[in-house]
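Structure first, commentary second.
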Amino acid sequence: MTQNAHVVVATDHFTDDLNMLLGELGFRVDVIFPADSPSTAIVSGHGVRLRLESAATPRPVLLHLLTDQPGERVTLPGGSVIEPRPVATAYSLPDNRPSLVISHDTGESGVGRAGMRYRDLIPDRWGGRFIASHITIPDGGPVPDYVHFHKIRFQLIFVKSGWVKVAYEDQGEPFVLQRGDCVIQPPEIRHRVLESSTGLEVIEIGCPAEHETIADWSLPLPTGIGDPQRTWGGQRFVRHIAEGARYQPWRIRGWEYRDSGIGSATAGLAGVRVARPTGPVDDGWIAHDTEFSQLVVLRGATMFHSDGGDSVRLSDGGSAAIPGGLRYRLTDPTDDCELLDVTMPAAFVYSA
């Protein structure tokens, strides 16, 4: 049975390296030998164990020390580098570089974390500011996930098809999200995917595009606490249930939408809605002053027209990421058409 582990550091400056580790860098000796002329030492500190070995050919390492105190990187005489890094790195928010991005579901996807398959809906990521993914789990059953969290500004999980069982920090017992349901994952809320149906499809939208996913092995879920008013980064957790939700007129006449409540939970940062046609559709041009806007076809189809661009038919799984100020219109939706409508901010000005 494995008892412990250490990183081997071969050095041609054994004594000098050992003295610096024990003195300036705060390590301590666990093992050292031979006593009369030491050439091997196991030292520990800061959550790591190093096996320092005297060798003619050095094999230096780079070691990050996670700390809340700034400091200078230190190079040991044998070449190994000890570099302080902040304990918690905040996400970086790149400049927004919006472009009209049309995506169609061709069935192609790549394998991502925990065996899930990902299709990128915004390949240019708008300069790295936003990411939108169509995620599928072909085989149902337990999901090899673990408790984790994300350093992120905004993150939406919307179930397009099938169901998924999930657990969230301080949100009671695990629950099942069905088709049409969604949750917002506030910054750094701990969560875990437990189980899914065969053919689960999820739309995930996040900001920024590149963000850290960090495992938390210390917190089991569920926590046994239900606190719907708790906030993370100024945002509340929201679980929107599609069944029985109330509809109201959408921004395009002839359509209606149900609101997820994410706008109020994020203090207006983002809005998430599901829209459907109700009758004759107004085919006039509209534009809005959003930082981000994306339409994803959840079922059925509609024509999408952009001012000065091509007209395309968006069918099931298709999407359009729409820059602020770009005029567009929707025509000829099928009777069963449903659109996921995500904007940042939740409230905005739109015009003809």
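The values are calculated or read from the model by the stated rules, or taken from the named source; none is laboratory data. A quick note: this is a predicted structure, and the numbers were derived from the prediction, not measured. Don't worry about glycine lacking a Cβ; one is built from the backbone with ideal geometry, like all the others, and counts go over all protein chains shown.
Of all residues in segment 283-314, those that are of a type in the set (S, T, N, Q), within 26 Å of the chain's Cα centre (by Cα) and part of a strand (DSSP E or B) total 2.
Screening Gln248 against (1) touching a residue at least 40 places away in the same chain (Cβ under 8 Å); (2) surrounded by fewer than 19 Cβ atoms within 10 Å (Cβ to Cβ); (3) not in a loop (DSSP other than H, G, I, E, B) leaves a single unmet condition, (1).
Kindly state which strands (runs of 3 or more DSSP E) lie completely within segment 187-240 and contain at least 3 residues that are closer than 19 Å to Val272 by Cα.
Those strands (runs of 3 or more DSSP E) span 200-207, 238-240.
The single residue among Ser315, Ser311, Ser264 that is farther than 23 Å from His134 by Cβ, small (Gly, Ala, Ser) and either at pLDDT below 95 or surrounded by fewer than 17 Cβ atoms within 10 Å (Cβ to Cβ) (or both) turns out to be Ser264. Restricting segment 67-104 to residues that are among the charged types (D, E, K, R) and surrounded by fewer than 11 Cβ atoms within 10 Å (Cβ to Cβ), the residue that is farthest from Asp307 (Cα to Cα) is Glu72. Only one entry in Asp341, Asp335 is in contact (Cβ under 8 Å) with a residue 40 or more places away in the chain, over 20 Å from Ile122 (Cβ atoms) and not hydrophobic (A, V, I, L, M, F, W, C), namely Asp335. The residue of segment 319-352 that is surrounded by the most Cβ atoms within 10 Å (Cβ to Cβ), among those that are among the β-branched types (Val, Ile, Thr) and under 16 Å from Leu100 (Cβ atoms), is Val342. Ala346 meets all of the listed conditions (1) within 19 Å of Ala132 (Cβ to Cβ); (2) part of a strand (DSSP E or B) but one, namely (2).
Looking only at segment 130-144, filter to residues that are surrounded by 15 or more Cβ atoms within 10 Å (Cβ to Cβ) and assigned to a loop (DSSP other than H, G, I, E, B); which one of those is modelled with the highest pLDDT?
Among residues in segment 130-144 that are surrounded by 15 or more Cβ atoms within 10 Å (Cβ to Cβ) and assigned to a loop (DSSP other than H, G, I, E, B), the one modelled with the highest pLDDT is Phe130.
Scanning segment 1-38 for residues that are among the charged types (D, E, K, R) and either in contact with a strand residue (DSSP E or B) (Cβ under 8 Å, 6 or more places away or on another chain) or surrounded by 12 or more Cβ atoms within 10 Å (Cβ to Cβ) (or both) turns up Asp12, Asp16, Asp17, Glu24, Arg28, Asp30.
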